[in-house]
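Notes follow once the structure below has been shown.
Just so it is clear, none of the values below were taken in a lab; they were calculated from the coordinates. Because the structure is a prediction, the values reported are computed rather than measured. Glycine also receives a Cβ, built like all others from the backbone with ideal geometry; neighbour counts cover every protein chain displayed.
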Amino acid sequence: MLVESDVVDAVCGFLKSQGYEIRQKRSPSQRGHDIIAVKRGTPDRVLYIEAKGGTSSKPSTKRYGKPFDGAQIRVHVAEALYKAATVVSTTGPSVDLRAGLALPATDRHRELMKRIGPVLRQLEIAVFWVSENREVQLASSWAL
């Protein structure tokens, strides 16, 4: 099972391979956007990505080593969606702000995201799906 830092690391590696510079990479205990990346050669393209894991990374918690249940996943996705929506609501001169969610590619996460797919497309919020082997697939209406 992937913890949030696994998801962040995988997406950062993927973005670097796509020509992005990672400007910010937060750990689960830090506040702020989990990932901020800028396209090399086009500094006006800035990605803000909120990541969630599939289990707790803290040994002291009840969910450590166990997958989050459906209610926890809904809360995580709701929080991430809110953060992404605040990014797409921000306007700035000559800055191409893009928002994304980075999530474990589990059946529960995919089913929940499928329900809000039309909203994600309308708001142009990308989803970075991270598999157990740390491979990343992008679901987005815009190209990196």
Which ³J(HN,Hα) values in Hz, rounded to whole numbers, follow from the phi angles of segment 19-25 under the Karplus curve 6.51 cos²θ - 1.76 cosθ + 1.60, where θ = phi - 60° and Gly and Pro get x? x, 9, 9, 7, 8, 8, 9
Please state the relative contact order of segment 1-108 as a whole percent: Cα pairs under 8 Å, 6+ residues apart? 28
Considering only lysines 8 or more places apart in sequence, or on different chains, count the pairs in the chain whose C-alpha atoms sit under 20 Å apart. 13
Values of log10 I(q)/I(0), in the order q = 0.18, 0.28 Å⁻¹, for segment 72-144 under a Debye, Cα-only, solvent-free model: -0.70, -1.45
Per-selection Rg to Rh, segment 1-70 - Cα, Kirkwood hydrodynamic radius: 1.07
Give me Rg/Rg_expected for the chain, where Rg uses Cα atoms only and Rg_expected = 2.2 N^0.38 Å with N residues. 1.00
Using packing as a proxy for protection, rank 33-44, 3-14, 105-116 so that the peptide with the highest average count of other Cβ atoms within 10 Å comes first. 3-14, 33-44, 105-116
Choose one of V136, S56, L97: the residue whose Cα lies farthest towards the positive end of the charge dipole of the chain (beta-carbon charges +1 Lys, Arg; -1 Asp, Glu; about the Cα centre). S56
Using unit Cβ charges (K, R positive; D, E negative) and no other charged atoms, how large, in debye to the nearest 20, is the dipole of the chain about its Cα centre? 220
